[in-house]
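Working notes, structure below.
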Amino acid sequence: MFTYFRIRSVALYAVALAFLAASASSLATHSWGGYHWARTTPQFTLKLGDNLTSADWRGHLGQASHDWNSPKEFGATSTPLLTAIVAGESRKRCSMVAGTTQVCNGKYGRNGWLGLASINIIGGTHITQGSAKMNDTYFDTATYNNPNERQHVLCQEIAHTFGLDHQSEDGSSQNSCMDYFSNTGANADNPISTRPNRHDFDELNAIYAHLDSTTTVAAMAAMTASASDVTDDPNSWGHRVRQSANGRSSTYERLNGDGSKTLTHVYWTIEAASNCPSCDHRYYR
């Protein structure tokens, strides 16, 4: 009898552990390297500089800003990070401006990328400025020129500058703009993966669970964009530090002379990725 109850207890304990493990694995765990804006208050507002050139793109930015400000619409209770759209200060080149994320679109050329998100880091993990670029050279083509793909990419690129990474990179949909589902072809009319989901807000709350003694959310006179800018030259991204198995996502890092570092997430086109998934697409497209 004792043996029976002991075995039964062990079995129940194993089931409980499995349940806890499954629950833990279901939690959002997609921080981008622990990078975050330093701030001294539980909730803060990040300015999104509007350098966009069309009402269409501005509509997508407005939707993304609304979504990231509305956690309860997605089953979450709160968010530590609010967004506010302000006048841009960069235009096409999308130079970073301290304390803000500058959002831009432009015909950046047939260089293989759809979207580009860059952040500048000081003190190991603190974001000081960011930029998000959408490449109209591809968004003006039949493959990518649809509202769902535009919304997906813009929503993701600005959220990288919050400190979020991808929920998934294999092309499956987690119904989050932080996955790599492609709203193209047969899926062009499908609105899934164009907005955040609850896990994105769970992750933001985890990233910003602590307070800092200083803030990087206000412009700092000592910080200059020239030291950390990512230009139209892909060599300005620095060296490649990782790439997804299907080749659609790459991350680059560059150390700057002022002691900061610049990190760049690149969202490659389907064509660039399929040519050689493991290659550095800057040189093999």
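When Arg39 is evaluated against the numbered criteria (1) basic (Lys, Arg); (2) assigned to a helix (DSSP H, G or I); (3) at pLDDT 95 or above, which criterion, by number, is the only one it fails? Unmet for Arg39, out of (1) basic (Lys, Arg); (2) assigned to a helix (DSSP H, G or I); (3) at pLDDT 95 or above: (2). Taking every residue in region 128-152 that is modelled with pLDDT of 95 or more and pairing it with any residue that is assigned to a loop (DSSP other than H, G, I, E, B) and among the charged types (D, E, K, R), at least 6 positions away or on another chain, the pairs with Cβ-Cβ distances below 6 Å are Asp136/Lys107; Thr137/Lys107; Thr137/Arg110.
Annotation for region 198-206: no member residue is in contact (Cβ under 8 Å) with a residue 12 or more places away in the chain and in a loop (DSSP other than H, G, I, E, B). Only residues that are part of a loop (DSSP other than H, G, I, E, B) and either surrounded by fewer than 15 Cβ atoms within 10 Å (Cβ to Cβ) or of a type in the set (Val, Ile, Thr) (or both) were counted in region 93-108, giving 2. Condition first: modelled with pLDDT of 95 or more and touching a Gly at 6+ places or on another chain (Cβ under 8 Å). Can you find one or more residues in region 169-176 that meet it? Checked region 169-176: no residue is modelled with pLDDT of 95 or more and touching a Gly at 6+ places or on another chain (Cβ under 8 Å).
Considering (1) modelled with pLDDT of 95 or more; (2) aliphatic (A, V, I, L, M); (3) surrounded by 16 or more Cβ atoms within 10 Å (Cβ to Cβ), the lone condition that Met223 does not fulfil carries the number (1). Residues in region 66-88 that are within 21 Å of Lys133 (Cβ to Cβ) and surrounded by 17 or more Cβ atoms within 10 Å (Cβ to Cβ): Asp67, Trp68, Leu81, Thr83, Ile85, Gly88.
The residue list Asn148, Asn111 contains one member that is assigned to a loop (DSSP other than H, G, I, E, B) and over 16 Å from the mean Cα position of the chain (by Cα), which is Asn111.
The values are calculated or read from the model by the stated rules, or taken from the named source; none is laboratory data. Worth saying up front: this structure is predicted, and the values here are computed from it rather than measured. Neighbour counts are summed over all protein chains in view; Cβ atoms, including those assigned to glycine, are modelled from backbone coordinates with ideal geometry.
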